[in-house]
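The values are calculated or read from the model by the stated rules, or taken from the named source; none is laboratory data. Computed from a predicted model, the values in this text were never measured in an experiment. Glycine gets a Cβ as well: all are built from the backbone with ideal geometry, and neighbour counts include every protein chain shown.
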């Protein structure tokens, strides 16, 4: 249990919410689903009901071995041990209850991958970052997410629906892919936000480029931040 706590794992124990996630995922017989975090397997067999193929990946070896015993007879399920955010499998739908410690990494990774849509469950605080409208509340991940996805809130999920309960409530989000971003662009957006108190002119100086713009990052629109990142990346 110490190991699992270290991984930030809180397992969904509500069948009602599991069915809600499956319903929102809108899986068809043509879809290949990637589930990152098999966990106790509350979603896994439900994902397999309509999908062409499900890849479910679990980083905890005990949970992986348990899932192999429970789900060995499901013909369209491929269970894998390891970090799901490094998989090379192609998929159309992404489903995951993302641990808080992995949420930013997951969104950045998904921004680089071509797929149709996904249903993710994240802690409320992280959902607020992804959906932030105010420039003061925006983080680099807010810009990356809104540039790459159309994001809608499906429903809120109370902490008592997990075992062990986390300290904060969660939110189910639907993400629909709009644009693939390069790793370089994502890294550059993160760098820009590390200089968010500087003006555009002074930020560009860090990269040996020139500008007369005196606006700070908080005064820029999302598109202007993307344009700034692309300017930094120009050879």
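Some observations on this one:
- Subset of region 136-160 that is surrounded by fewer than 14 Cβ atoms within 10 Å (Cβ to Cβ) and out of contact with any strand residue (DSSP E or B) (no Cβ under 9 Å at 6 or more places or on another chain) - its residue that is modelled with the lowest pLDDT: 136
- Residue check, residue 177 surrounded by fewer than 20 Cβ atoms within 10 Å (Cβ to Cβ) and not assigned by TED's automatic domain parsing to the domain that holds residue 154: no
- Filter result for residue 60 (surrounded by 17 or more Cβ atoms within 10 Å (Cβ to Cβ), in the same structural domain as residue 162 (by TED's automatic domain parsing) and touching a strand residue (DSSP E or B) at 6+ places or on another chain (Cβ under 7 Å)): no
- Residue in region 66-81 that is in contact with a helix residue (DSSP H, G or I) (Cβ under 9 Å, 6 or more places away or on another chain), under 30 Å from residue 184 (Cα atoms), in the same structural domain as residue 173 (by TED's automatic domain parsing) and surrounded by fewer than 13 Cβ atoms within 10 Å (Cβ to Cβ) present: no
- Residue count, region 32-50 (criterion: outside any helix (DSSP H, G or I) and more than 19 Å from residue 88 (Cβ to Cβ)): 7
- Residue within region 21-30 that is without any contact (Cβ under 8 Å) to a residue 24 or more places away in the chain, more than 26 Å from residue 116 (Cα to Cα) and surrounded by fewer than 19 Cβ atoms within 10 Å (Cβ to Cβ) present: no
- Positions within region 82-95 being touching a strand residue (DSSP E or B) at 6+ places or on another chain (Cβ under 7 Å) and surrounded by fewer than 15 Cβ atoms within 10 Å (Cβ to Cβ), in sequence order: 82, 89, 90
- Residue 133 modelled with pLDDT under 95 and over 23 Å from the mean Cα position of the chain (by Cα): no
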